[in-house]
Amino acid sequence: MAVENIVIVGGGLAGATAAKTLRTEGFGGPVVLLAGERHHPYLRPPLSKEYLLGKAGDDALPVVPEGWYAENGVELRLGVSATQLDPAARTVSLADGSRLGYASLLLATGARPRSIPLPGGNLDGVSSFRTVEDSRRLRARFAEGGRNIVMIGSGWIGMELAAAASSYGNAVTLLGLAEVPLAAAIGPELGSFFRSLHEAHGVRFRLPASAAEVRGRSGRVTGVLTDAGEVLDADLVVVAVGVVPEVALAEAAGIGLRNGILTDAALRTAAPGIFAAGDVANALHPFIGEHHRSEHWSNALNGGKVAAKAMLGQDAVLDTVPYFYTDQFDVSMEYSGFPRLVSGPPVVRGSLEAQEFVAFWQRDGRVVAGMSVNWPRSAKPQKVIKALIASKSPVAPETLADPDVPLDQLLPAA
């Protein structure tokens, strides 16, 4: 507890969780949380799911109640951006010209939407997606119904937005560079499962295809020209082609980068007293022995906890199995594991046709990833998958697929 004061740069889940953990762990020193947005730190997963669909309100978004910061002596500065780091002097400069000194500093700067140079991309009706304002704006447009919507991007966010737009009664066409949506994440078989799900709800796919130009009239979007020469009618175009880690602050300060900010397993950077967590951190993961960067909420949640404990001198490492989830139409999916270890098709228990199954990916006979779709929560499929991964124990594929073997009996004997 020798730390005197802590500055957290970034007002998302990682930053807010770090602040909460500092207080939970008994740190009584000054904590300043710099939030670039003018909102109290909020959760992003609902923005493309239940919040976008109007099934959850603003009360579902805060990481902690808004009054928590003042009650716990955390100085929350909303709409304040850091502009420069001086690791030698241990100071951070702010956009208003002031400077803050720190004993320890956490970079939780997150990521920004990836942009693509698209003629007509500045027309009214073309939108990216990242913030609560983006979600509110799209919800209002989607809720009008009867619109032609072109979605550019066939990753998780693009697919979730397409599902939401279609659920509001819009005609949705989705463009993506891969032949099968989500194939890079879960393989062609399960990517095709999600494509069929969308097509059953009226979503049209143009794969592989890219947007060559956004066309408009009187400053407003009217269509999208694809690289195949097809013109798609569009009242609204949403660009969801991934995100880029916000590393400018670290880069200017000379902190090591590679697909994000490089850290050790305790989320320490090479600069003394500076840590990184969340979307921006490319952390050494003990399980795989390699650096791993994740853009999912569980990484931000666990990373915020680990960084806070490490700043306090505790023995903490980010060694949890990565996890994320998606909700699309009537399908709820959860995934745990390491996609980079996956090769080949999964072992499936259950039925893709019935939309109720568990898929396991193996490497050298060991489970390295798994996903559950509409599987009874009472069976705790994700708990079993995470335990199988952590155990590194070999399991026969036929046993994984056998519905007569309860999931919890897949685990090795204690």
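The values are calculated or read from the model by the stated rules, or taken from the named source; none is laboratory data. Everything numeric here is computed off the predicted structure, so don't read it as measured data. Cβ placement follows ideal geometry from the backbone for every residue including glycine, while neighbour counts extend to all protein chains displayed. Only protein heavy atoms, including side chains, enter the accessible area calculation; ligands, DNA and RNA are left aside. Shrake-Rupley method; radii C 1.70, N 1.55, O 1.52, S 1.80 Å.
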Legend entry - From V241, V231, V214, V224, residue being within 14 Å of S127 (Cα to Cα), β-branched (V, I, T) and either surrounded by fewer than 20 Cβ atoms within 10 Å (Cβ to Cβ) or under 22 Å from the mean Cα position of the chain (by Cα) (or both): V241
Inset, instruction - Would you mind telling me which numbered condition in (1) surrounded by fewer than 23 Cβ atoms within 10 Å (Cβ to Cβ); (2) touching a residue at least 12 places away in the same chain (Cβ under 8 Å) P188 fails? - result: (2)
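Which one of these is in contact (Cβ under 8 Å) with a residue 12 or more places away in the chain and more than 20 Å from the chain's Cα centre (by Cα): A95, A60? Can you show your working first?
Working: A60 fails: more than 20 Å from the chain's Cα centre (by Cα).
Just one listed residue meets the conditions, A95.
Before we move on, is F287 part of a loop (DSSP other than H, G, I, E, B), touching a residue at least 40 places away in the same chain (Cβ under 8 Å) and touching a helix residue (DSSP H, G or I) at 6+ places or on another chain (Cβ under 9 Å)? Let's see the steps before the verdict.
Numbers: part of a loop (DSSP other than H, G, I, E, B): yes; touching a residue at least 40 places away in the same chain (Cβ under 8 Å): yes; touching a helix residue (DSSP H, G or I) at 6+ places or on another chain (Cβ under 9 Å): yes.
For F287, the condition - part of a loop (DSSP other than H, G, I, E, B), touching a residue at least 40 places away in the same chain (Cβ under 8 Å) and touching a helix residue (DSSP H, G or I) at 6+ places or on another chain (Cβ under 9 Å) - is met.
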Inset, instruction - Can you confirm whether region 101-110 contains a residue that is more than 28 Å from the chain's Cα centre (by Cα), surrounded by fewer than 17 Cβ atoms within 10 Å (Cβ to Cβ) and more than 20 Å from T263 (Cβ to Cβ)? - result: yes
Legend entry - Members of region 244-277 found to be open to solvent by 40 Å² or more (accessible area, probe 1.4 Å) and in a loop (DSSP other than H, G, I, E, B), listed by number: E246, G254, R258, N259, D264, A270, P272
Legend entry - Members of region 77-97 found to be touching a Leu at 6+ places or on another chain (Cβ under 7 Å), surrounded by fewer than 15 Cβ atoms within 10 Å (Cβ to Cβ) and farther than 16 Å from A250 by Cβ, listed by number: none
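Conditions tested, residue by residue: (1) within 15 Å of A234 (Cβ to Cβ); (2) among the aliphatic types (A, V, I, L, M).
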residue	(1), (2)
M151	yes, yes
A171	yes, yes
L182	no, yes
G187	no, no
F193	no, no
E199	no, no
R215	yes, no
G219	yes, no
Inset, instruction - Among what's in region 370-379 and is in contact with a strand residue (DSSP E or B) (Cβ under 8 Å, 6 or more places away or on another chain) and surrounded by fewer than 24 Cβ atoms within 10 Å (Cβ to Cβ), pick the residue that is nearest to D327 (Cα to Cα). - result: N374
Inset, instruction - Please tell me if K383 is under 21 Å from S294 (Cβ atoms) and without any contact (Cβ under 8 Å) to a residue 24 or more places away in the chain. - result: yes
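Among the residues of region 264-286, how many are of a type in the set (S, T, N, Q) and under 15 Å from A14 (Cα atoms)?
Looking only at region 264-286, we keep the residues that are of a type in the set (S, T, N, Q), and these are 269, 282.
Narrowing further to those that are under 15 Å from A14 (Cα atoms): 282.
Here the count works out to 1.
How many residues does region 33-53 contain that are part of a loop (DSSP other than H, G, I, E, B) and of a type in the set (G, A, S)? Spell out how you get there, then give the answer.
Of region 33-53, the ones part of a loop (DSSP other than H, G, I, E, B) are 36-41, 43-44, 49-53.
Those still in the list that are of a type in the set (G, A, S) too: 36.
Result for region 33-53: 1.
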Inset, instruction - Would you be able to tell me the number of residues in region 290-316 that are at negative phi and in a loop (DSSP other than H, G, I, E, B)? - result: 8
Inset, instruction - Please find, within region 111-127, the residue that is nearest to the chain's Cα centre (by Cα) out of those that are on the phi < 0 side of the Ramachandran plot and open to solvent by less than 50 Å² (accessible area, probe 1.4 Å). - result: A111
Legend entry - Odd one out for R90 among (1) touching a residue at least 60 places away in the same chain (Cβ under 8 Å); (2) at negative phi; (3) of a type in the set (D, E, K, R): (2)
